[in-house]
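The values are calculated or read from the model by the stated rules, or taken from the named source; none is laboratory data. Note that this is a predicted model, so its numbers are computed, not measured. Virtual Cβ from ideal backbone geometry, glycine too; neighbours counted across all protein chains shown. For the accessible areas, the whole protein counts, side chains as well, though only heavy atoms, and no ligand, DNA or RNA atoms are used. Shrake-Rupley method; radii C 1.70, N 1.55, O 1.52, S 1.80 Å.
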Amino acid sequence: MRDRDSVRESFLDEEALKPPKMTEWHQLLASVVIVSASGALAPGPLFVATVVEGVKKGSRAGLLSATGHMIVELPLVLLLASGLTLLLGEGSVYRVWIGLAGGAALVLFGILQIRGALGSGEGSQYSSRHGGMGGALFVGIVFTGLNPYFIAWWLTVGAKLVLDALSLAAWIGILAMYAAHIWIDYAWLYLAALLSHRGASLLEYRTLKLINAGLGALLIALAITMLLDVIPRIFS
C-alpha cells in the first residue's frame, strides 16, 4: 500500500508540474481581452483627459497617457497578486481620500481647460498644440492613480483575472494576463488622441475653443459625480 501511495503521490506531483494546455491559455487570454475591453472602452476621466491632450498634441499624447496609466496600474496588479491590496478594499479610508483627491484634480484640470480654451489667443493655442509631451504622461498617472473606480475595478472584476492567471501559471500567468490587458489601453487611448487631433485640424478655431471648453466642463461633471459618491462615505 505504501508503494502504491508513493506512486500515486509522484504521479500527482508530475501532473502539477505539467505546463498549462494551450486551450487553457486561450481561454484565459480571451477572457482578459473581453473583460478588459469592457472596462477600457467605457468613457471616464482618463479618456476625456487624453482626448483633451490629443487635440493639442496628437496621437503621441495617447501613447504617453497609456504609459502613465501603466506606471500606476502594473504595480497595483502585482500587489493584488501578492495579496497586499487589502488596504484598498471596500470601505477603506484610503479609497475615500483617493476619491477626494481625484475629484479635486478633475475640477482643477477642467477649470484650467475651460480657462485655456476661452481665454487664449490663436497663437498661444497653436503653441500649446506643439508643446512638450510631459503633460500627457502626467495625465495618465494622475487620472489613473486618483480614480477610485479604477481601483474598484481591479479589486472586483480584475481580481478574478488575477486569480485565474495565478492558478494557471503563477507569475508567468500574471505577466501574460497583463500583456493581454494593457495593449487594449494603448490602442484605445492612441486612437482617441489620434482622432481628436485629426478632427480638431478640420474645425474652425472658434469651434475648437468651444469643444475644448465642453471637454473641460465634462471633466468637472465627472468630478462632481465622483465626489457625490465619495463624500457620503466620510460620514457613514
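Worth a mention:
- Accessible-area value, GLU73, 1.4 Å probe, nucleic acids and ligands omitted, Å²: 0
- Cβ-derived FRET efficiency at R0 41 Å, LEU112 paired with PHE235, nearest 0.05: 0.85
- Virtual spin-label span in nm between TRP171 and THR23, 7 Å along Cα→Cβ: 3.1
- Placing R0 at 25 angstrom, the Cβ-Cβ distance between LEU195 and ALA104 gives a FRET efficiency of 0.30 after rounding to 0.05.
- Cα centroid separation, the range 149-202 to the range 219-236: 25 Å.
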